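> Next up is a structure, given as structure tokens.
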Amino acid sequence: MQHEPQPQPADELDAEAVRTWSSLAVAALGRAREDIDAINVYPVADADTGTNLYLTAESADRALADALGTPPASVSETTADGDVHGPPPGAGSTSLPEAVRAYAHGALIGARGNSGTILAQLLRGVADVLGDEPGDRGPGRMLAEALTRAAEEAYRAVAHPVEGTMLTVAAAAARAGEAAGAAAGSAADVALAAYDGARAALADTPAQLAELGRAGVVDAGGCGLVAVLGALWQALSGRQPADEAVRGRAVPVPRPPQPCDAEEQGGPAYEVIYLLEAAEPAVAELRERLDGLGDCLVVVGGDGLWNVHVHVDDPGAAVEAGVVAGRPYRIRITHFADERRRARGERVQRAVVAVVPGEGLAGLCGEAGATTVLARPGEVPDAPALVDAIRRAHAREVVLLPGGADQRAVAAAAAEQARADGVRVAVIPTRSAVQGLAALAVHDPEGSFDEDVVAMTAAAGATRFGELAVAERQSFTSAGICQAGDVLGLIDGDVAVIGAGLDETAQAVLERMLGSGGELVTLVLGPEVPDALAERLEAYVQHGHLAVDTVTYRGGRYSAPLLIGVE
């Protein structure tokens with residue numbers, strides 16, 4: 001039987017101290033995650049704060065382990081008697097600044113939920129100070145300044161800070177750490193003072209926030225931060241905090257059942273999270289735009305990479321705002337009604353997981369209730385990414401839309417793994433995103449699983465798909481020789497038309513596709529394609545095929561110049 005990693009006492013801050021802190025933080029949050037999930041009532045009672053903090057810390061730990069060349073905390077070395085003696089020594093060439101920056105970066109790219117996003121910014125604040133030259137400052141003074149910077153940056157990252165939350169606990173820890181640092185305390189002294197200050201502030205949170213007081217619990221995010229600070233003290237002192245001190249008052253009391261429907265609970269229905277590559281001025285505009293769309297807005301990061309978290313009713317608009325600002329990816333859209341079912345230990349009966357090639361399509365499918373996985377050009381999501389999406393859907397039955405022929409093998413592997421977990425999974429053999437949209441349009445979560453799969457498969461199979469692409473070089477195609485820059489019109493995966501412009505090629509493709517009949521044309525525009533093209537194509541269809549309807553969507557970044565579906 002394995003035990004948690006043992007502390008490695010350190011008289012000063014160095015890379016190995018950070019590694020030990022990270023390992024102990026993962027272990028502490030792993031022990032406390034279920035308790036923290038149980039008391040999660042603010043800002044949304046979705047019972048996932050402990051899990052989100054744990055997964056964020058785990059991501060940070062993996063990045064740090066990679067920087068040091070050591071295994072992450074989850075695979076610490078085990079002796080013959082089953083004891084885990086902590087992580088093996090890191091690479092001697094790794095400096096403290098390199099270690100803390102890797103630690104903070106790992107938290108940023110893996111941040112989950114509101115609490116995990118704030119934890120990532122706290123760690124970034126710590127890295128901003130510990131990543132500088134110490135000058136004449138001792139380790140205690142530097143750590144005190146790091147905790148202060150962390151709290152300041154976390155407050156700035158939250159659009160509308162609320163007291164009685166994780167932010168309050170961070171600020172109290174910083175004040176206590178500053179006092180210890182000013183008294184020339186060691187790094188361990190500062191860590192202990194911060195830990196004790198955080199515990200005291202955590203105990204006061206029910207009096208500061210009405211939702212906590214009514215539920216009789218302390219703030220869940222603050223409880224997780226206390227665990228992280230306890231791990232920091234343990235790493236620097238070699239002394240282990242008592243479990244009851246970490247949990248504080250984190251014991252839920254019976255309370256009346258809450259409505260599960262997001263609209264009944266009030267507040268936005270969706271949580272949207274994504275990583276964003278963008279310049280700081282564009283991020284400032286993004287904050288303003290997202291603040292008008294929803295609430296619980298947290299934007300953390302810097303140096304061109306950001307983690308965006310917001311609660312909205314229109315997830316597509318939140319994703320499109322990211323497209324305007326820069327390059328969003330790793331998009332996660334969560335429906336709170338489903339999360340509340342999970343919080344009560346319930347699974348939804350059926351869900352859809354869709355692989356999509358653009359952020360706009362991700363938002364569109366998310367609004368339709370699907371859990372989405374974004375596939376960038378030339379990349380096929382791996383099986384673990386699809387398995388993670390299936391688990392996030394939290395359903396007994398899952399219909400998986402792979403989105404392309406090159407993704408079917410990965411989808412089949414993910415489905416097999418999910419079936420081993422007890423989830424019934426069916427893979428619809430879609431070859432294009434427009435076939436996935438057609439299948440999603442007839443999805444009936446209330447009907448039988450077999451009938452639903454048959455109907456979705458039939459809808460996808462009845463949808464012919466076309467695509468416009470630009471040739472990168474001269475090559476032979478099924479329609480003849482193309483030159484670099486030619487517009488290629490593909491029908492059902494084969495080049496059928498070679499043209500000089502988007503308009504004429506799109507019209508030629510549409511004419512061929514509609515030659516065998518059709519009732520509905522779906523147009524998905526790429527990021528650089530003007531709306532005027534869609535208007536001309538709609539007019540073209542209406543003029544030549546009066547009984548055919550046309551719908552148009554924006555695919556967003558990564559989607560092809562034009563996708564066409566004919567049903």
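> For a quick check of your reading: which strands (runs of 3 or more DSSP E) sit entirely within the range 294-342 and have at least 2 residues that are at pLDDT 90 or above?
The qualifying strands (runs of 3 or more DSSP E) are 294-302, 305-312.
> Residues that are within 38 Å of the chain's Cα centre (by Cα) and surrounded by 14 or more Cβ atoms within 10 Å (Cβ to Cβ): find the strands (runs of 3 or more DSSP E) completely inside the range 452-567 holding 1 or more of those.
On the way: elements: 464-470, 475-477, 480-482, 487-491, 494-499, 520-525, 549-554, 562-566.
Because the criterion is at least 1 residues that are within 38 Å of the chain's Cα centre (by Cα) and surrounded by 14 or more Cβ atoms within 10 Å (Cβ to Cβ), the strands (runs of 3 or more DSSP E) in the range 452-567 that meet it are 464-470, 487-491, 494-499, 520-525, 549-554, 562-566.
> Kindly provide the set of residues from the range 126-140 that are buried (at least 22 other Cβ atoms within 10 Å of the Cβ) and more than 30 Å from the chain's Cα centre (by Cα), ordered by number.
Across the range 126-140, the qualifying residues are Pro139, Gly140.
> Okay, moving on. Take the residues in the range 377-407 that are at pLDDT below 85 and basic (Lys, Arg); name whichever of them is surrounded by the most Cβ atoms within 10 Å (Cβ to Cβ).
The extreme case among them is Arg392.
> For the structure I just gave you, tell me whether Gln435 is without any contact (Cβ under 8 Å) to a residue 40 or more places away in the chain and among the polar types (S, T, N, Q).
Details: without any contact (Cβ under 8 Å) to a residue 40 or more places away in the chain: no; among the polar types (S, T, N, Q): yes.
In short, no.
> Taking Gly213 as the residue in question, decide whether it is part of a helix (DSSP H, G or I), surrounded by fewer than 24 Cβ atoms within 10 Å (Cβ to Cβ), in the same structural domain as Ala235 (by TED's automatic domain parsing) and not acidic (Asp, Glu). Break it down stepwise before answering.
Working: part of a helix (DSSP H, G or I): yes; surrounded by fewer than 24 Cβ atoms within 10 Å (Cβ to Cβ): yes; in the same structural domain as Ala235 (by TED's automatic domain parsing): yes; not acidic (Asp, Glu): yes.
In short, yes.
> Among the residues of the range 382-405, how many are closer than 26 Å to Gly447 by Cβ and touching a residue at least 40 places away in the same chain (Cβ under 8 Å)? Don't jump to the end; show me each part of the working.
We begin by selecting, within the range 382-405, every residue closer than 26 Å to Gly447 by Cβ; these are 386-387, 389-403.
Now restrict to residues that are touching a residue at least 40 places away in the same chain (Cβ under 8 Å): 392-403.
Matching residues across the range 382-405 total 12.
The values are calculated or read from the model by the stated rules, or taken from the named source; none is laboratory data. This is a predicted model, so every value here is computed, not measured. In this analysis, Cβ positions are derived from the backbone assuming ideal geometry, glycine residues included, and neighbour counts consider all displayed protein chains.
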